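The values are calculated or read from the model by the stated rules, or taken from the named source; none is laboratory data. The model shown is predicted, which means the values in this text are computed figures rather than measured ones. Cβ: placed from backbone, ideal geometry, glycine included. Neighbour counts: every protein chain shown. In case anyone asks, the SASA skips ligands and DNA or RNA and just uses the protein heavy atoms, side chains included. Shrake-Rupley method; radii C 1.70, N 1.55, O 1.52, S 1.80 Å.
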Amino acid sequence: MKQDNVIKIAFVEDSVEQAEQLINVMRNGGIAVRPSRAGTPEEFTQSLDESPDIVLVNPSTKKLDVATVVRQVEASGKDVSIIAIIERFNEDTIADLFTAGIRGVALRSRPEQTLAIVRREFESLTTRRHVRRLETALRESERRCDALLDSSRDAIAYVHEGMHVRANQAYLEQFGFEEFDDILGLPILDMIASEDADRFKSLLRNLSRGDKPPVEHIEFQARRGDGNRFKTIVEFAHATFEGEPCLQIVFRREIIDPNVVAQLTRDTVTGLWNRAHTLELVDRAVASAADGETGRALLLVEPDNWKDIVPAIGMGNADQLFAGIATRIRDVLDEDDEAGVLGEHTIGVVLHARSDAEVHGLIENLRSSVAAQIFDVGSRSITVSLTVGGSLLAERNANTETLLEQASTALRNAQSQGGNRSEVHDPSAREKADAERDLYWLNLVRDALESDNFLLYHQQIISLQDAAGEFYEILVRMRGPNGDVLPSYFMPVAERHGMLPAVDRWVLDHALDTLRQRERDGLTTTYFVKLTLASLHDATLLPWLAQRMGDAKLRRSTIVVEMPESKVLTSLRPAQEFVTAWKKVGGRFGLEQFGSGLNSFQMLTHVDADYLKIDRSFMTELPQHPENQKKIAEICTQARTQGKQTIAEWVEDAASTSLLFACGVDFVQGNFLQEPVMVVADRHDFTHA
């Protein structure tokens, strides 16, 4: 399940607290939730109006039993998965729940089981929706194909069990018939000359068993109704007619020059297959894996430091170098392997069946062969190293998009570790690979802390209400062997190994130094700095922060420490104590992902936040979702009455900015307005990322 999917979940619970606990289980497990809660049939009807994806029902809810929930879902006509959350397992209870129409049962005391079932049901729901869209698209395609069939100049027939069931006008004319009724039920073999009949019959038999149609065009002697014969090229494809499987057979009298066909499918620079044909080869490999073939793989190959190489050798010589690299790669591959160009400097290789060890051996041969070659380009002679990312192909990942994504991820991972290496996605070896990668990133984080290899970036937060001063979100990056590294790579590792407080402290320390520099220049600045849950439980953080704030002597500027609403909820008392003490030393506090809970404003009675960052899920395609606009306006109105200021982040277009202003939002933030820029040490200007 993609991490950026927002799941709409209707919680059938009497207790808001129990619903909030389940919401936190989802969010801590990496699932973004848009929740609603119902305790009565009327409330559940309102929840269904919001089209939830999943219903999590507590069978012990007093005014809304499971049978009523199932009836209301069925009456709504919506495709909704219902999951029961129970306190303890009982065979009779579980049997009754499944009989009533429940799709899954989870123990409240086992959050990992709840997460697994929610993910499974959402993936199942997503698949069903996708299938329905595909079925609709298929029906529309069939309708259009049927219309195109009659207007086609090619002779096309549909054959079921060797008999004609459909043919277009061009087919009738080519074989000398006036109406389709003249050939209805006529064997297709009657259209083939006797000397080719056995060959054609054998081909039909193989196709009827489910064999794939031949890729190459096959020449036959065809026979018209009047006995005259002619040469024709025949193409086969599996199809359906009125819901029944059949064969589509195309008879072409024009013979296409194979050299022209080859030209159309080749990349002009490298001589390899072009992108379109390479993707077709990937599709065929995926189809083979879906049919049970094993041992195939997809590789993505890129020369290292290509962006630096091209300026050095000149744009005019780049094609010559890339063609030379492609030739070396082609020379290493076997005859059954296929290589093609997938990007500006990306070569895709579809490998035929071989063992995992042979795949890795081939990759090393590719890399060493290219590395050993001296390429003469223009007046220069250079050497090039390769990075290879790939994915082994099996029935489990037999999906073109999945396979390409896995290979691409492997390529980027290898490049992020410095390049000149390879990585191959292999589900059976995932745990070992994850452990190795975890150790690699752990060492990088340790080195960054010891050698001051973190970097501060910031993104401007723009006031829509003419607030005085400048406002920025502070972001952290890490220097890596191949450029700056985003926190999504190293922060999870730091969290697993208890290093988040040290990273937080580094960011706060450097942010305060930068604020002090800006204040000396007469600038009034507010920095928003993220704080992790681990730091909230660090008893030494507040005394250290108080001392640093005192040393900085900030009169006009300040720091806003911000945390996600869901994290604060799970550590309410430590958060309350921290915020109270933090404000005493001159800091402010902000809540991120605000509005994502069932009753977000109730938290403000416990934690005195100055700024509320509206949950980013409300920003997705905001102009097309009036219900989100209404929710944002409600949050802004209620925040204003409590003296809080609101921030909308992830704003990505001008239309959304205008709508947010109309909703009463105080600040906006997003790459559309300004991308993050690096804070340069000991300087007051900024370098773009």
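Here are the numbers for this structure:
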| item | result |
| --- | --- |
| Only listed residue being closer than 27 Å to ALA648 by Cα, open to solvent by 10 Å² or more (accessible area, probe 1.4 Å) and assigned to a strand (DSSP E or B), chosen from GLU562, GLU592 | GLU592 |
| Residue list for the stretch 352-369, restricted to those being touching a residue at least 60 places away in the same chain (Cβ under 8 Å) and either open to solvent by less than 20 Å² (accessible area, probe 1.4 Å) or in contact with a Gly (Cβ under 9 Å, 6 or more places away or on another chain) (or both) | ALA353, SER355, ASP356, VAL359, ILE363, LEU366 |
| Among (1) under 25 Å from LEU515 (Cβ atoms); (2) open to solvent by 80 Å² or more (accessible area, probe 1.4 Å), the one test that GLU652 misses | (1) |
| Any hit, the stretch 3-10, residues being open to solvent by 30 Å² or more (accessible area, probe 1.4 Å) and part of a strand (DSSP E or B) | yes |
| Criterion: in a helix (DSSP H, G or I), touching a residue at least 24 places away in the same chain (Cβ under 8 Å) and touching a His at 6+ places or on another chain (Cβ under 8 Å) - qualifying residue of ARG446, ARG437, ARG505, ARG518 | ARG518 |
| Residue pairs meeting the criteria (Cβ under 7 Å; at least 6 apart or on separate chains; first exposed (fewer than 13 other Cβ atoms within 10 Å of the Cβ), in the stretch 619-642; second among the hydroxyl-bearing types (Ser, Thr, Tyr) and part of a loop (DSSP other than H, G, I, E, B)) | none |
| Residue within the stretch 392-413 that is of a type in the set (Val, Ile, Thr), open to solvent by 30 Å² or more (accessible area, probe 1.4 Å) and modelled with pLDDT under 90 present | yes |
| Sole residue being surrounded by fewer than 17 Cβ atoms within 10 Å (Cβ to Cβ) and on the phi > 0 side of the Ramachandran plot, chosen from ASP452, ASP447 | ASP452 |
| The stretch 373-416: number of residues that are over 26 Å from GLY324 (Cβ atoms), among the polar types (S, T, N, Q) and part of a loop (DSSP other than H, G, I, E, B) | 1 |
| Among (1) touching a strand residue (DSSP E or B) at 6+ places or on another chain (Cβ under 6 Å); (2) surrounded by fewer than 18 Cβ atoms within 10 Å (Cβ to Cβ), the one test that GLY483 misses | (1) |
| Pairs where the first residue, in the stretch 173-198, is polar (S, T, N, Q) and the second is open to solvent by 30 Å² or more (accessible area, probe 1.4 Å), C-beta under 8 Å, 6+ apart | GLN174/ARG224; GLN174/ARG253 |
| Filter result (assigned to a helix (DSSP H, G or I), open to solvent by 70 Å² or more (accessible area, probe 1.4 Å) and free of Cβ contacts under 8 Å to residues at least 40 places away in the same chain) within the stretch 285-320 | LYS307, ASP308, PRO311, MET315 |
| Residue count, the stretch 369-390 (criterion: farther than 16 Å from ALA414 by Cβ and not β-branched (Val, Ile, Thr)) | 9 |
| Sole residue being of a type in the set (A, V, I, L, M), without any contact (Cβ under 8 Å) to a residue 40 or more places away in the chain, open to solvent by less than 30 Å² (accessible area, probe 1.4 Å) and part of a helix (DSSP H, G or I), chosen from VAL579, VAL607 | VAL579 |
| Tabulated pairs, the stretch 17-32, first closer than 12 Å to GLY597 by Cα, second of a type in the set (Asp, Glu) and open to solvent by 40 Å² or more (accessible area, probe 1.4 Å), C-beta under 8 angstrom, 6+ apart or interchain | ALA32/ASP4 |
| Tabulated pairs, the stretch 462-481, first among the polar types (S, T, N, Q), second crowded, with 17+ Cβ neighbours inside 10 Å, C-beta under 6 angstrom, 6+ apart or interchain | SER463/PHE667; GLN465/ASP666 |
| Matching option when the condition is touching a strand residue (DSSP E or B) at 6+ places or on another chain (Cβ under 8 Å) and either at pLDDT 90 or above or on the phi < 0 side of the Ramachandran plot (or both), among LEU264, LEU272 | LEU272 |
| Residues being closer than 11 Å to SER391 by Cα and not in a strand (DSSP E or B) - total across the stretch 348-359 | 2 |
